[in-house]
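The values are calculated or read from the model by the stated rules, or taken from the named source; none is laboratory data. Owing to the predicted nature of the structure, the values given are computational and were not obtained by experimental measurement. Cβ placement follows ideal geometry from the backbone for every residue including glycine, while neighbour counts extend to all protein chains displayed.
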Amino acid sequence: MQIRRCAIVMFEPRSEVSLDLSLLLQGQAGLVTRMHWQALAAHLDAPVEVSIEEIDVLGRIEPDRWVEPAQAGLEGTALARLLEIGLVISQEPGEASHRDRDQRVRDANWWPLSALQHRMGRWGGINSAREMREHKLVTAQDLHARFGAPPAAVDAPGTDPLMLPDTPDDARDELLRKRATCRNFDAQRTLALPLLAQVLKRTVQAHAALRPGDGMEFLKKHIPSGGGLHPLETYVVALAVDGLAPGVYHYHPLEHALRPVAVATDDLRTLMLGFVSGQDWFADAPLHLIQVARFPRSFWKYRHHPKAYRAVLLDAGHLSQQWMLSATELGLAAYVTAAINEIDVEKALGLDGIDASPVMICGLGWRADAQVTSEFDPLQQVWRG
Ligand SMILES: Cc1cc2nc3c(=O)[nH]c(=O)nc-3n(C[C@H](O)[C@H](O)[C@H](O)COP(=O)(O)O)c2cc1C
């Protein structure tokens, strides 16, 4: 058997406070603190507790050279456990699962801290809406009661300001003023396919392709992208679009075409509600867009680069603003959310969470007549009076 260390692993000291009933019955405070180490590895789904001895053994195994454990003087229960939990990778056929995931981490060219940030920040089965309600953190007043006032809205230096000239408003300013995150979709009103097509055209369609070399293709879209690589892949979840069967689709930016994707569900709305972590105020939209980052596309150029992950997330930001403005211009309503259950999306779409994983979901539809969930419209451009 040949072994090597997994590609990316870091350690975090943790302390857990718990109640010890026996101490409490003896009249003591009853609180005990347990200190331990956990390993965070880029190919594992969650942190795993490790002993100091295991960390020591791991520190003696190179990540890039296969060795026989006996030759390297590495045997015993610590090594056996490290193999079992996947921090040490083996070439044995039965250990293929850890080995394959670790290989995908290597092939993707992640910068280690970004790999861990993305991998460990993914949610599965979280209901953020329910948690907000349970913890009474819904309204601005709730937040103030718990956290006090936030840092100032503007952090200006105390020098004399130069007042800038006022410029006359035009149609663009009017459009920008009308953009507001929609949290009240009309669940009964369907979306016409040409409207969806128009928003996709303005947001994610590629309007040209440059092929400067063998196997190289760069897409020109209306949004900027780090390195011009456009690593975000678009999936469409259609619940109520005229002329489009309810289902999940992949959007091809050059063909401007949708291809059905097989997803095991008999209830798309419940699936979507889970994807947006229980935010029922978004789930009524007739159309949702899942933005999946294909990290190796970006990291092909930005190898092990500390800024590369940030650039991918910024791309999602450009896309969402373009999405919202395109929708607003057509009289439609839109939302964007980062509070998503990435792991559930990955399972549904058959993604591995290492080289492909969702980073953002946005949606499109019509605003309902009544504002049940609050929206941020202080200028009363959307909700008049
Ligand atoms: C990256 C990002 C994530 C967001 N996530 C959520 C979310 O999870 N739930 C939600 O209700 N709104 C979400 N929003 C919407 C913001 O709350 C909203 O933009 C903000 O309150 C300002 O309101 P406006 O968009 O109407 O100007 C998100 C916005 C952005 C840009």
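Overview of values
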read-out: Selection count where residues are touching a Lys or Arg at 6+ places or on another chain (Cβ under 7 Å), more than 27 Å from residue 275 (Cβ to Cβ) and part of a helix (DSSP H, G or I), scope the range 102-146; value: 0
read-out: The range 299-321, subset within 13 Å of the ligand (Cβ to nearest atom), buried (at least 18 other Cβ atoms within 10 Å of the Cβ) and not acidic (Asp, Glu), residue nearest to residue 222 (Cα to Cα); value: 319
read-out: Given (1) assigned by TED's automatic domain parsing to the domain that holds residue 187; (2) within 14 Å of the ligand (Cβ to nearest atom); (3) over 25 Å from residue 268 (Cα atoms), index of the condition residue 376 fails; value: (1)
read-out: Index of the failed condition, residue 335 passing every other in (1) part of a strand (DSSP E or B); (2) farther than 28 Å from residue 175 by Cα; value: (2)
read-out: Residue within the range 317-330 that is within 23 Å of residue 125 (Cβ to Cβ), assigned by TED's automatic domain parsing to the domain that holds residue 274 and not in a loop (DSSP other than H, G, I, E, B) present; value: no
read-out: Members of the range 17-46 that are in contact (Cβ under 8 Å) with a residue 60 or more places away in the chain and not small (Gly, Ala, Ser); value: 40, 43, 44, 45
read-out: All strands (runs of 3 or more DSSP E) inside the range 216-298 with 3 or more residues being within 16 Å of the ligand (Cβ to nearest atom), surrounded by fewer than 21 Cβ atoms within 10 Å (Cβ to Cβ) and assigned by TED's automatic domain parsing to the domain that holds residue 327; value: none
read-out: Any chance residue 167 is more than 16 Å from the ligand (Cβ to nearest atom) and either over 21 Å from residue 222 (Cα atoms) or of a type outside the set (D, E, K, R) (or both); value: yes
read-out: Residue count, the range 322-361 (criterion: crowded, with 20+ Cβ neighbours inside 10 Å and of a type in the set (D, E, K, R)); value: 1
read-out: Hits in the range 170-191 - residues which are of a type in the set (A, V, I, L, M), within 16 Å of the ligand (Cβ to nearest atom) and buried (at least 18 other Cβ atoms within 10 Å of the Cβ); value: 180
read-out: Selection within the range 47-65 - part of a loop (DSSP other than H, G, I, E, B) and touching a residue at least 12 places away in the same chain (Cβ under 8 Å); value: 47, 51, 60, 61, 62, 63, 64, 65
